[in-house]
1. I need a count of the residues in segment 54-67 that are part of a helix (DSSP H, G or I) and either outside the structural domain of residue 32 (by TED's automatic domain parsing) or free of Cβ contacts under 8 Å to residues at least 12 places away in the same chain (or both).
2. Looking at the structure I just gave you, is residue 248 assigned to a helix (DSSP H, G or I), without any contact (Cβ under 8 Å) to a residue 24 or more places away in the chain and either charged (D, E, K, R) or assigned by TED's automatic domain parsing to the domain that holds residue 125 (or both)?
3. Look at segment 18-67 and say how many of its residues are of a type in the set (A, V, I, L, M, F, W, C), farther than 18 Å from residue 87 by Cα and more than 37 Å from the chain's Cα centre (by Cα).
4. For residue 70, state whether it is more than 30 Å from residue 21 (Cα to Cα), surrounded by 14 or more Cβ atoms within 10 Å (Cβ to Cβ), over 28 Å from the mean Cα position of the chain (by Cα) and without any contact (Cβ under 8 Å) to a residue 12 or more places away in the chain.
5. Look through segment 96-118, keep the residues that are surrounded by 18 or more Cβ atoms within 10 Å (Cβ to Cβ) and touching a Lys or Arg at 6+ places or on another chain (Cβ under 9 Å), and return whichever of them is farthest from residue 41 (Cα to Cα).
6. Checking residue 184 against (1) in a loop (DSSP other than H, G, I, E, B); (2) loosely packed, with under 10 Cβ neighbours inside 10 Å, which test does it fail?
7. Within segment 219-236, work out how many residues are farther than 30 Å from residue 118 by Cα and surrounded by 10 or more Cβ atoms within 10 Å (Cβ to Cβ).
8. Quick one: residue 56 ticks every box in (1) surrounded by 13 or more Cβ atoms within 10 Å (Cβ to Cβ); (2) within 22 Å of residue 103 (Cβ to Cβ) bar one, so which box is it?
Amino acid sequence: MTSTAATTARIMDRLAAAEATTAEARREEARTARAAERAAARVAAFRPKLAEARKSLRTAERTGKRLAAAARVLAGREAKLADLIEAAREAKADASAARRAARTAARRLDRLAMRAAVTAARTVEEISHRLGETALAPAVETDRTLAAEELPTVEEIETHAARYATLDARAKDLAKAADAEKVWLRALPVGTYGRVIITRTPGRSVLDGTQVALDYTSRGLLAPRKLTRQTFKCDATAILADLAEAAETADEIGIVLAA
C-alpha cells in the first residue's frame, strides 16, 4: 500500500468515526432540546398555581381565616416554582451545550470529508497512472521503419503507393455510399420489413471529455492530455496523374493505329 493510499485509509477511518460522533451529537441535541422544552412547559404550567396561592393568601388575610395554611401553600409553591425554574435553566444550558457540540462535530465532519475527497482523488490518480503504465496497452508512438539496406526499389515503392492511393479512394467512396444508406435506414423505426429487421440497442457509456475539461477548468487546472499516434499519409497523386496521362496517350495511339 502506498503512502497516499495509507493516508486515505486512515482519513476514511476517521471520517467514519466522525460520522458516528456527529450522528450521536445530533441525537443528543434533539434529546436535550426536547427536555428543555418540557422543562419550560412545566414552569409555564405551574405559574397559574402560584398566582392562585397568592390570591388565596390575600383572601385569608382579609377574612382572618386559614392564614397559616395559605401561607404554607404559597411558600411551598414558590419553592416548587424556584426548583422548576432552576431545572429549566439547567435543561436550557444542557441544550445549548449539546447544540454547540453538534455544530462542532458537523464542522469537523465537513473538514474530514474534504480531506478524504482530496486524498481519495490522489489515490485514484495514482492507481490510474499505475494501471496506465502496467495494465493498459499504450499507443504505439512510432511506426517500425526499415533500415536503409532493407529499402525496396523506387519502382516497387511507386507501385505500392499507386495501389494504395487507388484502393484508399475506392474505400472512401464506398464508405460515403454506405454512410448515406445507413442514414436512410436509421430513419426507420424498430420493426420487421420483409426480410429486413431493424433493431436498436443501448449504446455503451463513454467518458465525456467536454465535461471533464469543464470540471478541470472550474478548479483552475488543465485537463490531462496525452499524445496520440503519429498520422501517416502517402501522397501518390503525381503517380496517378502520370498513369492517367499514360493511359490517355495509349488510347490516342490506339485510335490512330486503328484509323
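The values are calculated or read from the model by the stated rules, or taken from the named source; none is laboratory data. Please read all numbers here as calculations on a predicted model, not as lab measurements. Here Cβ is always computed from backbone atoms with ideal geometry, including for glycine, and neighbour counts include all displayed protein chains.
1. The qualifying residues number 8.
2. Numbers: assigned to a helix (DSSP H, G or I): yes; without any contact (Cβ under 8 Å) to a residue 24 or more places away in the chain: yes; either charged (D, E, K, R) or assigned by TED's automatic domain parsing to the domain that holds residue 125 (or both): yes.
When the stated conditions are applied, residue 248 passes them.
3. Residues of segment 18-67 that are of a type in the set (A, V, I, L, M, F, W, C), as a first pass: 18, 20, 23, 25, 30, 33, 35-36, 39-41, 43-46, 50-51, 53, 57, 60, 67.
Retained after the next criterion (residues that are farther than 18 Å from residue 87 by Cα): 18, 20, 23, 25, 51, 53, 57, 60, 67.
Next cut, more than 37 Å from the chain's Cα centre (by Cα) only: 51, 53, 57, 60, 67.
Here the count works out to 5.
4. Numbers: more than 30 Å from residue 21 (Cα to Cα): yes; surrounded by 14 or more Cβ atoms within 10 Å (Cβ to Cβ): yes; over 28 Å from the mean Cα position of the chain (by Cα): yes; without any contact (Cβ under 8 Å) to a residue 12 or more places away in the chain: no.
No: the conditions fail for residue 70.
5. 116
6. All conditions pass for residue 184, except number (1).
7. We begin by selecting, within segment 219-236, every residue farther than 30 Å from residue 118 by Cα; these are 229-236.
Narrowing further to those that are surrounded by 10 or more Cβ atoms within 10 Å (Cβ to Cβ): 229-230, 234, 236.
Residues flagged as farther than 30 Å from residue 118 by Cα and surrounded by 10 or more Cβ atoms within 10 Å (Cβ to Cβ) within segment 219-236 amount to 4.
8. Checking residue 56 against (1) surrounded by 13 or more Cβ atoms within 10 Å (Cβ to Cβ); (2) within 22 Å of residue 103 (Cβ to Cβ), the one that fails is (2).
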